[in-house]
Amino acid sequence: MGTGRERIRVAAAGDVHADDSRRGDLRAAFAGLRGEADVVLLAGDLTTLGEPEQARVLAAAASEAGAPVFAVLGNHDWHADRVAELTAVLEDAGVTLLERSYATCQIGGASLGVVGTKGFVGGFPGSHLPDFGEPLLRRVYAETGKEVEALDAGLRATAGCDFRIVLMHYAPTLATIEGERPEIAFFLGCDRLAHPIADHCPDLVLHGHAHAGQFEGSIGAVPVFNVALPMKREFWLFELSADRPREPEYELIG
């Protein structure tokens, strides 16, 4: 850790599923973060169906937060196959979209690195997709491999930051999807995503997608939180402190 600011307050949510019906709720939720959060992280499924019009609803709400907003995409955001348009709407509004990439920012005297990617499917012990057989299935395996490589590269690039957070949509550990139907575990994430996290030990990992899963898990000593919206409230607030590395305090907002 550096000698900068002692703490960073992080507001996080996943699966906000913005559309016109949620316009008022989202504006109120983001406005409620003013003075409460130093940075806002959105763990995918930003929209209901991936329509640019739905992204505009989220963009308008995010402008109320009074803090930098970083986000990754989820499976809902890809549904309409208009990701370039959706991304442009959000970036024009000042939201930083991370897709197999990373960003850094200064908060007070501390540097924060956010490594973000969607993640992908592949399963967990007992239900792994192998790199074998039909070419189409091997392409799925390879797609998850690209996500793993991006996480590794981003964590290496942000190694000098005071704090590092991994932000994704799909789950990297079985612990936070427990409670979901076992037969859909393959579609909720993949523990291959855990490998670079275990290797580089960021301060915090956030994901969404598992609406009926568990809130808290871990990968080794690294805390992992499932912040999918239907689990509790609009936002969770985490506090990272140089005095308590990898032991974030958290509470509900909204």
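The values are calculated or read from the model by the stated rules, or taken from the named source; none is laboratory data. Bear in mind the structure is a predicted one, so any value in this text is a computation, not a measurement. Ideal geometry is used to build each Cβ from the backbone, glycine not excepted, and the neighbour counts take in all protein chains shown. Please note that ligands, DNA and RNA were not included when accessible areas were found on the heavy atoms of the full protein model with its side chains. Shrake-Rupley method; radii C 1.70, N 1.55, O 1.52, S 1.80 Å.
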(message) So if each residue of separation counts as 0.36 nm, and I subtract the Cα-Cα distance between GLU183 and ALA88, what length gain in nm does that give?
(response) 30.6 nm
(request) Would you mind telling me the share, in percent, of accessible area of the stretch 121-213 contributed by carbon and sulfur at probe 1.4 angstrom? (result) 57 percent
(request) Considering only ARG27, ARG164, ARG139, give the residue with the highest GNM mean-square fluctuation for the chain, with springs between Cα atoms whenever their separation is below 10 Å. (result) ARG139
(request) Obtain the nm distance between the two label points defined at LEU49 and ASP20 by a simple spin-label model: each point lies 7 Å from its Cα along the Cα-to-C-beta direction. (result) 1.2 nm
(message) Quick check: pseudo-label points 7 Å beyond the Cα along Cα→Cβ at ALA212 and LEU137, how many nm apart are they?
(response) 2.5 nm
(request) With all distinct Cα pairs included, what does the Kirkwood hydrodynamic radius of the stretch 26-87 come out to in Å, to one decimal, could you say? (result) 11.8 Å
(request) Please work out the Kirkwood hydrodynamic radius for the stretch 130-250, using every pair of different C-alpha atoms, and report it in angstroms with one decimal place. (result) 15.1 Å
(request) Please report how far the C-alpha centroid of the stretch 21-62 lies from that of the stretch 126-150, rounded to the nearest whole angstrom. (result) 32 Å
(message) Only Cα pairs within less than 10 Å get springs; with that Gaussian network setup on the chain, which residue of LEU229, LEU151, LEU136 has the largest fluctuation?
(response) LEU136
(request) Could you state how much accessible area ARG34 has, in square angstrom rounded to the nearest 10, with a 1.4 Å probe and all protein chains kept in place? (result) 140 Å²
(request) Would you compute, from DSSP H runs of 4+ residues alone, the mean residue ellipticity of the chain at 222 nm, taking -39500 (n - 2.57) per run and dividing by the full residue count, rounded to the nearest 500? (result) -8000 deg cm²/dmol
(message) Rolling a 1.4 Å sphere over the protein heavy atoms, what is the accessible area per residue of the chain, to the nearest Å²?
(response) 42 Å²
(message) Which one, GLY220, GLY133, GLY50, has the greatest fluctuation when you compute a Gaussian network model over the chain with C-alpha springs under 10 angstrom?
(response) GLY133
(message) Ignoring ligands, DNA and RNA, please state the percent of accessible area on the stretch 1-115 from carbon and sulfur, probe 1.4 Å.
(response) 46 percent
(message) Report the Cα-based extents of the stretch 186-232 along its three principal axes, largest first, to the nearest Å.
(response) 31, 22, 11
